[in-house]
Amino acid sequence: AQKVTQAQTEISVVEKEDVTLDCVYETRDTTYYLFWYKQPPSGELVFLIRRNSFDEQNEISGRYSWNFQKSTSSFNFTITASQVVDSAVYFCALSGTSGYSTLTFGKGTMLLVSP
Amino acid sequence: DAMVIQNPRYQVTQFGKPVTLSCSQTLNHNVMYWYQQKSSQAPKLLFHYYDKDFNNEADTPDNFQSRRPNTSFCFLDIRSPGLGDAAMYLCATSRDPGSEQFFGPGTRLTVL
């Protein structure tokens with residue numbers, strides 16, 4: 001069985017602060033994919049990143065960066081210099097690679113960035 | 001530019017009155033998914049189609065059915081909506097299982 005844990009239910013920061021959202025996963029699969037999605041107040045889930053389990057390189061995209069540590073089964077997400085528009089619920093998710101794999105979501109972390 | 005379209009965005013129905021939610025995609029993706037999302041919860045997968053192959057989640061109530069008449073369209077039918085079915089319903093597509101999923105804006109269902 002697969003499981004994704006996002007221990008932080010809600011985080012509040014002030015604009016320009018850096019913030020890290022934690023994600024820990026469990027799976028018996030040897031190959032798998034990890035994802036982050038953003039859900040702003042409008043409700044639409046927005047894809048941010050997909051990481052393959054055999055690629056442990058960290059990734060940076062503008063103010064966003066992701067730290068994948070297979071040894072600790074973690075896939076953490078950092079927003080540098082947060083902005084009010086970053087306020088949203090962020091979901092970490094896990095998928096197998098077989099033909100009928102589906103996403104297992106964490107419970108989400110609500111990020112509130114205040115001016 | 002819209003890639004995954006859901007209609008209507010808001011749907012109000014009466015207890016027990018059948019309702020159909022619609023999803024269409026312009027991405028030509030092989031897989032289409034329906035999720036239910038209640039307030040402050042993660043999306044919960046109801047079922048998905050891999051091409052014409054229907055895959056139902058074990059805990060999806062029989063009250064929920066789906067149809068995929070062609071690659072572009074997928075429908076969610078709720079045969080007899082109960083108060084507990086009030087939720088946001090999200091449609092998503094992916095090129096293949098395991099690929100990133102692209103979500104529509106959702107349909108918020110209210111049951112009176």
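The values are calculated or read from the model by the stated rules, or taken from the named source; none is laboratory data. In this text the structure is predicted, and so the values were computed from the model without any measurement. Note: ideal-geometry Cβ built from the backbone for every residue, glycine included; neighbour counts use all protein chains shown. Surface areas here come from the heavy atoms of the whole protein model, side chains and all, with no ligands, DNA or RNA. Shrake-Rupley method; radii C 1.70, N 1.55, O 1.52, S 1.80 Å.
The figures follow:
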{"read-out": "Output for segment B:77-95, where each listed residue is assigned to a loop (DSSP other than H, G, I, E, B) and open to solvent by less than 20 Å² (accessible area, probe 1.4 Å)", "value": "B:P81, B:G82"}
{"read-out": "Count of segment B:1-10 residues which are farther than 17 Å from B:F102 by Cα and open to solvent by less than 50 Å² (accessible area, probe 1.4 Å)", "value": "1"}
{"read-out": "Test result for B:Q41, modelled with pLDDT of 95 or more and of a type in the set (S, T, N, Q)", "value": "no"}
{"read-out": "Any hit, segment B:56-71, residues being open to solvent by less than 30 Å² (accessible area, probe 1.4 Å) and within 14 Å of chain A (Cβ to nearest Cβ)", "value": "yes"}
{"read-out": "In segment B:96-112, the residues that are crowded, with 21+ Cβ neighbours inside 10 Å and not in a loop (DSSP other than H, G, I, E, B)", "value": "B:F103, B:T107, B:L109"}
{"read-out": "Subset of segment A:78-110 [among the β-branched types (V, I, T), more than 9 Å from chain B (Cβ to nearest Cβ) and either open to solvent by less than 10 Å² (accessible area, probe 1.4 Å) or part of a loop (DSSP other than H, G, I, E, B) (or both)]", "value": "A:I79, A:T80, A:T109"}
{"read-out": "Within segment A:24-75, strands (runs of 3 or more DSSP E) holding 2 or more residues that are open to solvent by less than 40 Å² (accessible area, probe 1.4 Å)", "value": "A:32-39, A:46-52, A:64-69"}
{"read-out": "Pair list, Cβ < 6 Å and 6+ apart or interchain, from segment A:17-30 residues that are of a type in the set (F, W, Y) to residues that are surrounded by 14 or more Cβ atoms within 10 Å (Cβ to Cβ)", "value": "A:Y25/A:V4; A:Y25/A:S73; A:Y25/A:L94"}
{"read-out": "Test: residue in segment A:20-32 that is of a type in the set (A, V, I, L, M), over 14 Å from A:T78 (Cβ atoms) and within 11 Å of chain B (Cβ to nearest Cβ)", "value": "no"}
{"read-out": "Near pairs, Cβ below 8 angstrom, 6+ apart or cross-chain, from segment B:96-112 (without any contact (Cβ under 8 Å) to a residue 40 or more places away in the chain) to any residue that is among the small types (G, A, S)", "value": "B:G98/A:S95; B:G98/A:G96; B:G98/A:S98; B:G98/A:S101; B:E100/B:S94"}
{"read-out": "Residues satisfying the stated conditions in segment B:25-55, i.e. closer than 16 Å to B:G106 by Cβ and away from every other protein chain (no Cβ under 13 Å)", "value": "B:Q25"}
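Matching residues to (1) out of contact with any strand residue (DSSP E or B) (no Cβ under 8 Å at 6 or more places or on another chain); (2) open to solvent by less than 30 Å² (accessible area, probe 1.4 Å); (3) modelled with pLDDT under 95; (4) part of a loop (DSSP other than H, G, I, E, B):
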position	(1), (2), (3), (4)
B:V12	no, no, no, no
B:F15	no, no, no, yes
B:W34	no, yes, no, no
B:F75	no, no, no, no
